[in-house]
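Shown next, in structure tokens, is the structure this report addresses.
The values are calculated or read from the model by the stated rules, or taken from the named source; none is laboratory data. Because the structure is predicted, anything quoted here is derived from the model rather than measured. Cβ atoms come from the backbone with ideal geometry, glycine included; neighbour counts cover every protein chain shown. These area figures cover heavy atoms from the full protein model, side chains too; ligands, DNA and RNA do not enter into them. Shrake-Rupley method; radii C 1.70, N 1.55, O 1.52, S 1.80 Å.
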Amino acid sequence: MPRLIPELTYARKLFLLATLPLLMAVSAIAVLVADQSRNMADHEISELEAQLISAKRQELQNYLQLARAAITAEYNPAPPDDEEAKLKVTQILSAMTYGIDGYFFVYDYDGTNLVAPRDTRLITQNWTGLADSIGTPVVDELITLAQQGGGYHSYLWPKPSTGKEAQMISYVVGLQDWQWAIGTGVFIDDVLTSVAAARAEVEARIRRTFVYIGAITMAATLLVFMSGVTITIRERRLADAKLKELTQRIFDTQEEERGRVARELHDGISQILVGVRYALELARRQLAKDDPNAPVSLDRGVEMLGGAITEVRRISRDLRPGVLDDLGLGPALKALTEEFQTRTGIKTELETVVFRNRLDEEARIALFRIAQEALTNIERHAEATEVTIKLAGHRTGATLLISDNGLGFDMAERAKAGRGLGLRNMAERMEQLGGTLTIYSLSPGIAIDATVPLKHILTPAGSSRPPAPVGSAR
């Protein structure tokens, strides 16, 4: 009777012993990579959504401030029963539309609509008890918030430009003397669409990662099969190199994701600029009428524009500072330390020489991220009053030294407990570059020494010589 199961020869046993652990390890890596990528992306997308929603809310507050400014001249001196003043205020608010969907609405505390320029069928009708298609109270909740002084409310509402329901965030305040609720809203379907697209992109990237890992696994299996019993230390080292390459790919993906989020956040700031434009348009109309409130509107517009510019610069600098790519590591660290000192009040000194962009991109990014992480840890945990950062080149490469006079920590206990996530990230970045990360105690404080090897210092343009191993590290 023929054998249904082939005999396991020594070569086949060796092949199975080599292949099965490989398949199990790659499968585990694939699951871990997918899980970590999804968790990281979900966290960043959640932060992006929260920041975009926060920007929308700030935009609504700005609009309401403009509306209050526009009606102040009529509302402030008017008694509660001044019907002429009330009529003028409703006319002003009805004319204050913005964009294709933006407008102001007014309800009295009894639920009667007084202003609805995008949907005039609502005017003079009592809408007490009105709810959206999923049962969320609308008018009653808006009036309650106005009676309490003001607040935000989210619900479904027909979008004027499409006629279809979309998610809307409204901000309402109360004119208590007249028993009015005045507010405006902004549709956030664009935010929800952007978030959904980002999640879909993450899932597509994870699927591609599985395909790549599957292809690598198949190639490795074929290599093991062809090699048979010739698995040697060389193959093990090659596997280690592939694992490091995969880890580097994760870091590269993270940097790419940060750059993409920075661009999206930059685009989101345009919503704030709409408020600036409206303030300037209001000022122009006021100037045409010789309105004494025109300078106030101009000042508000300038202030809002300055805030938008500052926010764009801060977000872009935190995620991927352009000065790091344009001018190099030295100027990027200078901007980082100045911002850190301004924000925290901790005296921060930077000692460096001109690198003239001689570090390659990987080294610049790694050392900058290490500086960011170190300053974050100092701010949160060290209770330091002084920080010193030194960046210099030498015969074996370049070194970034960060020290503080804070509380520090016990090195023996930290070694026994294992490094924290931030310290592990620093060490892994240096390991990827073939460099070293050393942490040692001072009295008082802690010092972090990050050194990259000479191979990451670029040769000067037009020169065939290797970079000069001098202390200036130009």
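Once ligands and nucleic acids are excluded and a 1.4 Å probe is used, how much of Ser154 is accessible, expressed in Å² to the nearest 10?
50 Å²
Using only the alpha-carbon atoms of region 325-386, report the extent along each of the three principal axes, biggest first, to the nearest angstrom.
Cα extents, longest axis first: 34, 17, 15 Å.
Largest first, please: the extent of the C-alpha atoms of region 69-145 along each principal axis, to the nearest Å.
41, 30, 21
Considering only protein heavy atoms, what is the solvent-accessible area of Ile100 at a probe of 1.4 Å, reported in Å² to the nearest 10?
Only protein atoms counted, so the area is about 120 Å².
Starting from region 101-180, pick out the chymotrypsin sites (Phe, Trp or Tyr not before Pro) whose DSSP state is loop and whose Cβ has at most 14 other Cβ atoms within 10 Å.
Qualifying residues, ordered by number: none.
Could you tell me the accessible area of Thr144 in Å² (1.4 Å probe, neighbours in place), rounded to the nearest ten?
50 Å²
Ranked by accessible surface with a 1.4 Å probe, highest first, in what order do His394, His43 come?
Output order, biggest surface exposure first: His43, His394.
How about region 342-389: which trypsin sites (Lys or Arg not before Pro) there are in a DSSP loop, with at most 15 other Cβ atoms within 10 Å of their Cβ?
Qualifying residues, ordered by number: Arg356.
In region 140-226, which trypsin sites (Lys or Arg not before Pro) are in a loop and have at most 13 other Cβ atoms within 10 Å, using DSSP for the loop call?
For trypsin sites (Lys or Arg not before Pro) across region 140-226 that sit outside H, G, I, E and B with at most 13 neighbouring Cβ atoms in 10 Å, the list reads Lys164.
On a 1.4 Å probe surface of the protein chains, which of Glu245, Glu339 comes out largest in accessible area, and what is the full order?
Greatest to least solvent exposure: Glu245, Glu339.
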